[in-house]
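The values are calculated or read from the model by the stated rules, or taken from the named source; none is laboratory data. Source: prediction; values computed, not measured. Here the Cβ is made from the backbone with ideal geometry for all residues, glycine too, and neighbour counts use every protein chain on show.
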């Protein structure tokens with residue numbers, strides 16, 4: 001049994017190194033085992049590699065863990081290359097439409113050359129287009145080879161009716177996934193956001209004026225609302241680091257803190273910003289900048305809710321790795337998942353949705369089982385007709401032997 | 001310390017907790033399981049491998065466990081876990097041992113991007129290696145098994161690891177996965193070779209794992225230079241002759257057979273084209289293993305000096 005002291009040490013390990021990469025040089029070699037595992041789980045291996053390399057410390061890392069850092073960096077560089085290519089395909093696909101395309105999250109960081117882009121692994125590309133143009137955008141993208149990434153009819157309806165995006169599109173040949181949004185929070189959220197306010201202030205990219213990115217304050221607020229309202233925390237620590245990067249980058253600009261404060265108020269996004277500042281402090285020991293002290297006092301919830309939120313987020317934002325999880329971690333993640341949905345939609349919509357989701361999942365698994373059984377039977381039949389070495393099924397293709 | 005020095009009981013104990021550390025080629029894996037067939041399989045197939053003890057760095061933390069739920073008792077299953085996460089759907093429990101091998105291959109091809117990884121068997125003689133790329137069913141594993149029990153050294157039966165620094169192939173001598181008829185063919189020709197029990201009805205048909213030759217395991221630190229690329233094809237009536245093929249075509253075909261070619265971008269292209277430039281490239285259609293051995297031995301004649309020394 002792992003003692004609670006061990007868990008505390010393990011939990012402090014990765015945040016400590018990300019905060020002070022220079023401390024990695026003093027790490028005993030066997031400790032690297034856990035650092036690599038946690039960093040991989042949190043999606044920050046490549047980021048750590050860049051950080052260490054910047055300080056000239058990468059060569060100090062023992063060879064075996066260093067290989068994992070470098071391999072992750074190689075992969076992240078490939079992702080960045082791929083995203084640039086996908087965006088150029090996207091621009092060609094939409095070239096005929098006179099349209100403002102605003103990049104969100106990772107794609108925006110990459111194209112605007114912002115620090116969170118370094119070492120980032122991309123799972124999809126997020127763009128924002130005007131709501132009244134979204135149908136024609138989808139049409140052009142489908143013509144260019146993107147197809148529905150979600151096949152289930154209920155999910156298709158759910159995305160279109162209740163969320164701030166159309167169902168994810170996946171390119172039929174390249175497999176890239178594209179999320180086309182018309183605003184940054186669901187229309188059913190307690191504080192809906194009018195996307196026009198965001199696009200008016202968005203900024204063109206210096207190298208490619210067809211593409212725009214959100215203004216600094218909006219970019220931070222979107223990153224914050226995404227982290228604290230999506231309900232998925234597998235990349236929680238990474239997202240928190242994104243925010244710390246953005247704040248330290250933009251914080252040098254005159255007037256940024258005031259604009260962040262007033263923008264959060266205007267868009268009704270003070271809660272996610274408050275949570276961002278709180279957990280940057282608690283998890284990464286990054287104190288709230290002085291210009292926001294007053295605002296934080298205004299925004300903070302009562303002490304009891306604060307401790308409840310701490311109990312949940314302190315667990316959920318750590319890497320979802322055995323070494324960091326305790327007996328409450330899974331429950332904490334589940335409660336935050338429910339909380340996120342509750343923020344996104346009122347109860348009379350939420351309850352039927354969650355009920356449906358919890359019943360759909362086993363049904364989908366059952367289907368998979370059936371498909372697999374059928375494949376096995378077919379295989380036996382094939383073998384009976386003509387023995388063929390190396391007949392493959394979906395499972396084998398997945399594993400590539 | 002070699003695994004063969006351990007008692008079966010000690011091995012079982014380790015596998016349960018804190019995991020058995022296995023050194024296979026350049027990779028260290030910590031394996032946890034309490035499934036008897038896997039423990040026995042490891043005991044049989046990995047006897048010659050080094051199994052360091054204590055707090056060592058492991059590249060991959062893997063476990064084979066029965067997934068929770070009803071299927072623990074009824075139509076039992078096994079899941080492969082990579083550091084706590086299950087990247088694949090469960091398989092029938094009887095396929096646990098092949099799943100360990102498939103899972104390890106997945107770990108390597110998905111994470112070891114400090115190599116250019118080609119889906120090819122690789123054998124070596126005199127410091128020079130043959131890359132044998134080929135889709136499942138081309139007879140690649142059978143040919144490899146026969147070659148490595150007849151004077152060639154096993155580098156890998158599945159994953160050719162090309163170093164990005166110097167283009168050499170790193171050895172990854174692991175059990176060879178024989179399928180269907182190949183199990184009997186190799187069993188008949190080499191009764192001394194140790195094999196795992198057969199697993200019926202896997203995605204690839206019947207599978208048995210063949211222990212890697214001891215000498216190949218012992219020389220896991222000696223890289224080799226790629227000298228030939230041979231695309232094998234088992235075919236009734238195949239004449240067992242090496243037919244030269246174009247280098248440009250080989251570059252394209254081998255690119256399709258690489259796991260992480262696109263990950264490396266231009267660097268991967270440069271490495272692969274330099275490698276192909278230095279290699280002789282052939283198509284090889286064969287029916288008879290002895291014929292195949294003769295053809296391959298013809299590529300790498302044993303130098304007269306070495307022959308004299310061994311006489």
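A few comments on the model shown:
- Test: residue in segment A:37-49 that is closer than 18 Å to residue A:15 by Cβ, surrounded by fewer than 23 Cβ atoms within 10 Å (Cβ to Cβ), touching a helix residue (DSSP H, G or I) at 6+ places or on another chain (Cβ under 8 Å) and away from every other protein chain (no Cβ under 11 Å): yes
- Single condition residue B:155 does not satisfy, out of (1) within 12 Å of another protein chain (Cβ to nearest Cβ); (2) within 10 Å of the chain's Cα centre (by Cα); (3) closer than 18 Å to residue B:280 by Cβ: (1)
- Of all residues in segment A:72-84, those satisfying the criterion of being farther than 20 Å from residue B:84 by Cβ and within 11 Å of chain B (Cβ to nearest Cβ) are A:73, A:74, A:75, A:76, A:77, A:78, A:79, A:80, A:81, A:82.
- Hits in segment B:250-269 - residues which are away from chain A (no Cβ under 14 Å) and free of Cβ contacts under 8 Å to residues at least 24 places away in the same chain: B:252, B:255
- Scanning segment B:35-75 for residues that are in contact (Cβ under 8 Å) with a residue 12 or more places away in the chain and at positive phi returns a single hit, B:75.
- Single residue of B:206, B:250, B:202 found to be surrounded by 14 or more Cβ atoms within 10 Å (Cβ to Cβ), in contact with a helix residue (DSSP H, G or I) (Cβ under 7 Å, 6 or more places away or on another chain), closer than 21 Å to residue B:143 by Cβ and modelled with pLDDT of 95 or more: B:250
- Scanning segment B:90-110 for residues that are touching a helix residue (DSSP H, G or I) at 6+ places or on another chain (Cβ under 6 Å) and facing chain A (nearest Cβ under 9 Å) turns up B:91, B:102, B:106.
- Taken over segment A:53-68, the criterion of being more than 10 Å from chain B (Cβ to nearest Cβ) and crowded, with 22+ Cβ neighbours inside 10 Å is satisfied by A:61 alone.
- All positions within segment A:25-41 that are in contact (Cβ under 8 Å) with a residue 12 or more places away in the chain and more than 23 Å from residue A:234 (Cα to Cα): A:25, A:29
This table checks each residue for (1) under 29 Å from residue A:12 (Cβ atoms); (2) buried (at least 17 other Cβ atoms within 10 Å of the Cβ).
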| site | (1), (2) |
| --- | --- |
| A:261 | no, yes |
| A:268 | no, no |
| A:286 | yes, yes |
| A:300 | yes, no |
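- Residue ranges of strands (runs of 3 or more DSSP E) in segment A:126-214 with at least 3 members surrounded by 16 or more Cβ atoms within 10 Å (Cβ to Cβ): A:169-171, A:177-181, A:211-213
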